[in-house]
Amino acid sequence: MGETRSRRTWVLPAAAGAGAAAFGAGLGELTAAVIAPESGPFVVIGAALIGLAPPWAKDTAIALFGTGDKPALLIGIGVVLLVAAGAAGVLELRRPPWGQVVLGLFAVAGAVAAATRANAPMLAVAPSLVAGVTAVVALRVLVGRLRRLEAPVDARASTDVEDGDGDGDGDGAGATVVTASDGATRRGFLAWAGGAAAIGVLAAVAGSALRAGGRALSAVREAIRLPAAATTASVPAGAELGIDGLTPVITPNAEFYRIDTALAVPLVDPSEWRLRIHGLVEREVELTWDELLALPLDESITTLACVSNEVGGSLIGNAVWLGHPIRELLARARPLAEADMVLSRSVDGFTASTPLEVLQDDRAAILAVGMNGEPLPIEHGFPVRMVVPGLYGYVSATKWVVELEVTRFDAVNAYWTDRGWSARGPIKLSSRIDVPRGGQPVDAGAAVLAGVAWHQHVGVAAVEVQLDGGEWRPATLATAISDDTWVQWRYEWPDASPGTHTARVRAIGADGEVQTADEQGVVPDGATGLHEVAFDVS
Ligand SMILES: Nc1nc2c(c(=O)[nH]1)N[C@H]1C(S)=C(S)[C@@H](COP(=O)(O)O)O[C@H]1N2
Ligand SMILES: [Mo]
């Protein structure tokens, strides 16, 4: 019986620790696959270890495992984690909360490794944090169960002191009371720990399936050669002022803001993509990817903005889009006279309500397939999205679009309309100071202020700058690409004097509208107010 008793003292808590760690690690890997593919806890810790390892260790690993050195490293990390987690389980039972601390430290190591990688996205720490929190919770639950299970044994252990063998560890007479029902509870507990581990493994498997799907679609996307544009668009000379720190007039895809409700980026294979135009139409229209690519595709440059962009915020970007006019497709479907809205629907259920007339006038409202010379990036709506000049994204820029329902504003609400936002969302006249950034030190003497201004589909006539609450003075506008894009501006301040200063900017629309100083929040239809920065001149 002695052997049984001592096995029992570490096997169950070790199983609790290992089960909890597998549970957390699996959920962490799944989280990574969904929201931060480069930041899986195992991979980031492995990468950090590779970075930290001395050259001889790397050489030894390569000599031992060859090209299998990386899988070997990941397996090694897994083994170390399991052993440490087993120890953490024992520790948690005897010296709480030290077991939780051990598991927590692994998660912190993962988070630090993820966050300190080059170009780490903001969400990089999330997978490790999810892993840590869920592992700790699982450990507490499992060890809690174990404690209730062990309670009678502890009671016996106290009688063990008088059991005559003198070692007081309960392996004497008292422990011989291991009954069938103890065996059953023991098996029951192991089922709990095993169940936690199994959930972890399933989550990791699901995560890797998701990643494989993403990789396969990336390969499909990279193999696509988009047809040449029937009409091209170009950036006129003089649109780019080339000032250090000023947002470039075309936003590179990798820096384009991303906003959507998709937890996992929808993966839509172009060969399976269909667009259905239906509702209040004389004739339903269906379109495949090949049919869309066979239509004339036009380039257009349009500045997309999010209604959630605060004054001075960065949820705005400008790109060269390639696509086919929605107007043409609607003409085929022939909307009925009573229709006044198109509800576009994404494959993931997101919907946007766009006024029908906006999709029928002469603006470049398109079904876009290209962005800055590439197929749409997957997170920006691959294979097909809408782009509509003049309207905030939430009422126009449906990504992964698969359906256009011609309908009425009084018949149906779009996704955000049901959540307190306005059914219609024209982009508001606004402007931003990029140079200097708030708090950025500025040299005394001749200084340059610069930024961007926009009033999509109306145009910007002028930009004015106000220093320290003084007169509004005209800035110089760069050449605008078109009324549908933002325009850069610059303001020269010949004699910036030492001290703290503030600058404000306002734009004046081509329609005479002056950007208001009245502050309004982003809900329900976009923020208003003036962007102001404070900076020190020395
Ligand atoms: N399918 C889908 N499309 C969507 C959204 C969404 O949540 N789901 N968000 C919209 C919003 S609010 C904005 S601002 C733009 C952002 O487009 P981007 O991520 O390419 O910058 O996409 C729009 N299209
Ligand atoms: Mo948005």
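The values are calculated or read from the model by the stated rules, or taken from the named source; none is laboratory data. The structure displayed is predicted, hence computed values, not measured ones. Positions of Cβ are backbone-derived with ideal geometry, glycine not excepted, and every protein chain shown enters the neighbour counts. Note: accessible area is taken over every heavy atom of the protein model, side chains too, but ligands, DNA and RNA are not part of it. Shrake-Rupley method; radii C 1.70, N 1.55, O 1.52, S 1.80 Å.
The selection criterion, being closer than 30 Å to residue 378 by Cα, among the acidic types (Asp, Glu) and away from ligand 1 (no atom under 16 Å from the Cβ), does not hold for residue 468.
The strands (runs of 3 or more DSSP E) located wholly in segment 378-437 that include 1 or more residues which are of a type in the set (A, V, I, L, M) and more than 10 Å from ligand 1 (Cβ to nearest atom) occupy 401-407, 430-435.
When we screen 330, 293 for residues that are touching a residue at least 12 places away in the same chain (Cβ under 8 Å), over 16 Å from residue 384 (Cα atoms) and not in a strand (DSSP E or B), the only hit is 330. Before we move on, is residue 310 within 16 Å of ligand 2 (Cβ to nearest atom), open to solvent by 40 Å² or more (accessible area, probe 1.4 Å) and over 21 Å from residue 374 (Cβ atoms)? Spelling it out, residue 310 is indeed within 16 Å of ligand 2 (Cβ to nearest atom), open to solvent by 40 Å² or more (accessible area, probe 1.4 Å) and over 21 Å from residue 374 (Cβ atoms). Among the residues of segment 80-102, the one identified as part of a helix (DSSP H, G or I), open to solvent by 70 Å² or more (accessible area, probe 1.4 Å) and of a type in the set (D, E, K, R) is 94. Taking the conditions exactly as written (in a loop (DSSP other than H, G, I, E, B) and in contact (Cβ under 8 Å) with a residue 12 or more places away in the chain), does residue 262 satisfy them or not? Spelling it out, residue 262 is indeed in a loop (DSSP other than H, G, I, E, B) and in contact (Cβ under 8 Å) with a residue 12 or more places away in the chain.
Taking the condition basic (Lys, Arg) and buried (at least 16 other Cβ atoms within 10 Å of the Cβ), does residue 283 pass? No. Checked against (1) of a type in the set (A, V, I, L, M, F, W, C); (2) part of a loop (DSSP other than H, G, I, E, B); (3) surrounded by fewer than 16 Cβ atoms within 10 Å (Cβ to Cβ), residue 246 meets all criteria but (3).
Residues in segment 288-307 that are within 19 Å of residue 221 (Cβ to Cβ) and open to solvent by less than 40 Å² (accessible area, probe 1.4 Å): 5 in all.
Only one of the listed residues (212, 223, 237, 216) is more than 16 Å from ligand 2 (Cβ to nearest atom), more than 18 Å from residue 380 (Cα to Cα), out of contact with any strand residue (DSSP E or B) (no Cβ under 8 Å at 6 or more places or on another chain) and without any contact (Cβ under 8 Å) to a residue 60 or more places away in the chain. That residue is 212. In segment 425-444 there is at least one residue that is under 19 Å from residue 327 (Cβ atoms) and of a type outside the set (Phe, Trp, Tyr).
Going residue by residue through segment 205-212, is there one that turns out to be aliphatic (A, V, I, L, M), more than 22 Å from residue 74 (Cβ to Cβ) and modelled with pLDDT under 90? Checked against the condition, which is being aliphatic (A, V, I, L, M), more than 22 Å from residue 74 (Cβ to Cβ) and modelled with pLDDT under 90, segment 205-212 yields no hits at all. Under the condition of being hydrophobic (A, V, I, L, M, F, W, C) and either assigned by TED's automatic domain parsing to the domain that holds residue 526 or within 16 Å of ligand 2 (Cβ to nearest atom) (or both), the residues counted in segment 369-402 number 8.
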